[in-house]
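Novice: Submitted below is the structure of interest, expressed as C-alpha cells.
The values are calculated or read from the model by the stated rules, or taken from the named source; none is laboratory data. Since we're looking at a predicted model, the values are computed, not measured. In this analysis, Cβ positions are derived from the backbone assuming ideal geometry, glycine residues included, and neighbour counts consider all displayed protein chains.
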Amino acid sequence: MDPYKIEELITSKTKALLVTHLYGQTTRMKKYLEICKKYNLYLLEDCAQSHYSKYDGKYSGTFGDLGFFSFYPTKNMGAIGDAGAVTTNREDLALKIKKLRNYGSIQRYKNEMVGHNSRLDEIQAGFLNIKLEFMKQFTDERISIATRYNNEITNPLITKPIIAKGATSVYHLYVIKLENRDKFRDYMLKNGVKTDIHYPQPVHLTQAYQYLNYKVGDFPIAERNCELVCSIPLFNGMKKEEIDKVIEVINRYEE
Ligand SMILES: *Cc1c(COP(=O)(O)O)cnc(C)c1O
C-alpha cells in the first residue's frame, strides 16, 4: 500500500485502514497514523507475519485500534493447529472482540449480536504459552539467517529485501526478486533447494474479488511483484550447511 495515494481514495464510506506487515517487516506506520487521525478512521494491523517486529521501537500490533496475530503452524509463532489473537488498548473493542469470538455472547445464552466460533482452544493456548518463552530466541535465529543472506548473497541478478529506516523485520519469509523467476526456481530445485512464491496472484485478480470488477493493469506494481518474487528457505532449526548451500547455489546461478 502506498501511503501517499490513500488520501485521494478516502470517501464518506471509508471506515478503516488495514495495513499488513508483510514478510515480517513492520510497515512504516507514521503516515498511516496521521491519515487515520485526520479522517477519524480505524487503524487495523495484520500482524500474522510480524510477531516481535518493530517500527520506531514499537512492536507491530501496538499502533492501531486492533492488531491481528495468526498462530497458524507455519507462522513465526506457530501453534499445533489453528490459532490467533487480537491485540487492542481499547476496552470497548476488547469487549466486542470477546463477544464476536463466542457467538456474540459474553453471558451464557445471552446473544447480543451475530458472532462466530473463534475461541482459542486450551491445547493451543497451553502450547503457545510454552513457546512464548522461546520466541526471542527463535526470532533472533531467523534474523541471523537473514543477515547471512543479506551479507553473502552477492549475485547481481538478485534483488534482496529492503528494510525501511526505523523498521525491523523478523523475516517470516525471505523474499528475493528477479527476472525469469520460474527459470531460477527450476535451477534451484535441480540443485536441491526448494523455493516458493508468496504470492502468485494479486488479491484484486483472485476469483473471490471478481465482483469488484478489477482487471489486469489496475494495480501494476502488485501484478509485477507477483511475477518477480521468490521465497528462499528460512526456518528455525536450519543447519549451517543448509544455509551455506542456499547461498552457494544462488550465487552460482546465471541467466
Ligand atoms: C496467515 C495469514 C493470515 C491468516 O491467518 P489465519 O490464522 O490463517 O487466519 C492473514 N494475513 C496474513 C498476512 C497471513 O500471513
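Novice: Looking at 135, 77, which is the one that is within 16 Å of the ligand (Cβ to nearest atom) and either of a type in the set (Phe, Trp, Tyr) or in contact (Cβ under 8 Å) with a residue 24 or more places away in the chain (or both)?
Specialist: Selected residue: 77, the only one of 135, 77 that is within 16 Å of the ligand (Cβ to nearest atom) and either of a type in the set (Phe, Trp, Tyr) or in contact (Cβ under 8 Å) with a residue 24 or more places away in the chain (or both).
Novice: Quick one: in segment 24-61, which of the residues that are among the hydrophobic types (A, V, I, L, M, F, W, C) and in a loop (DSSP other than H, G, I, E, B) is nearest to residue 167 (Cα to Cα)?
Specialist: Among those residues, the one meeting the criterion is 29.
Novice: Using beta carbons and a limit of 7 Å, which pairs, at least six apart or on different chains, have the first residue in segment 59-72 and free of Cβ contacts under 8 Å to residues at least 24 places away in the same chain and the second one among the charged types (D, E, K, R) and within 11 Å of the ligand (Cβ to nearest atom)?
Specialist: 67/45
Novice: Considering every residue within segment 186-193, establish whether at least one is touching a strand residue (DSSP E or B) at 6+ places or on another chain (Cβ under 6 Å), surrounded by 12 or more Cβ atoms within 10 Å (Cβ to Cβ), touching a residue at least 40 places away in the same chain (Cβ under 8 Å) and of a type outside the set (Ser, Thr, Tyr).
Specialist: No: segment 186-193 contains no residue that is touching a strand residue (DSSP E or B) at 6+ places or on another chain (Cβ under 6 Å), surrounded by 12 or more Cβ atoms within 10 Å (Cβ to Cβ), touching a residue at least 40 places away in the same chain (Cβ under 8 Å) and of a type outside the set (Ser, Thr, Tyr).
Novice: Let me ask something else about it. Within segment 8-47, track down each residue that is surrounded by fewer than 21 Cβ atoms within 10 Å (Cβ to Cβ), among the small types (Gly, Ala, Ser) and in contact (Cβ under 8 Å) with a residue 12 or more places away in the chain.
Specialist: 16
Per-residue answers, yes or no, for (1) among the basic types (Lys, Arg); (2) modelled with pLDDT of 95 or more; (3) touching a helix residue (DSSP H, G or I) at 6+ places or on another chain (Cβ under 6 Å); (4) near the ligand (Cβ under 10 Å from one of its atoms):
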position: 25; (1), (2), (3), (4): no, yes, no, no
position: 33; (1), (2), (3), (4): no, yes, no, no
position: 47; (1), (2), (3), (4): no, yes, no, yes
position: 50; (1), (2), (3), (4): no, yes, yes, yes
position: 60; (1), (2), (3), (4): no, yes, no, no
position: 69; (1), (2), (3), (4): no, yes, no, yes
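Novice: Now a separate question. Identify, by number, the condition in (1) assigned to a helix (DSSP H, G or I); (2) closer than 21 Å to residue 49 by Cβ that residue 120 doesn't meet.
Specialist: If we test residue 120 against (1) assigned to a helix (DSSP H, G or I); (2) closer than 21 Å to residue 49 by Cβ, just (1) comes out false.
Novice: Okay, next question. Is it the case that some residue within segment 123-132 is among the polar types (S, T, N, Q), part of a helix (DSSP H, G or I), under 26 Å from residue 174 (Cα atoms) and away from the ligand (no atom under 16 Å from the Cβ)?
Specialist: no
Novice: Can I ask one more? Considering only residues of segment 215-250 that are under 19 Å from the mean Cα position of the chain (by Cα) and in a loop (DSSP other than H, G, I, E, B), which is surrounded by the most Cβ atoms within 10 Å (Cβ to Cβ)?
Specialist: Filtering segment 215-250 for residues that are under 19 Å from the mean Cα position of the chain (by Cα) and in a loop (DSSP other than H, G, I, E, B), the one surrounded by the most Cβ atoms within 10 Å (Cβ to Cβ) comes out as 234.
Novice: Based on this model, can you work out whether residue 177 counts as of a type in the set (Lys, Arg), more than 20 Å from residue 69 (Cα to Cα) and exposed (fewer than 14 other Cβ atoms within 10 Å of the Cβ)?
Specialist: No: the conditions fail for residue 177.
Novice: Of (1) over 28 Å from residue 6 (Cβ atoms); (2) of a type outside the set (Phe, Trp, Tyr); (3) not in a strand (DSSP E or B), residue 210 satisfies all except one. Which?
Specialist: Exception for residue 210: condition (1).
Novice: Then there's this: Select from segment 65-90 the residues that are outside any loop (DSSP other than H, G, I, E, B) and over 18 Å from residue 23 (Cα atoms) and list them in ascending order.
Specialist: Result: 66, 85, 86, 87.
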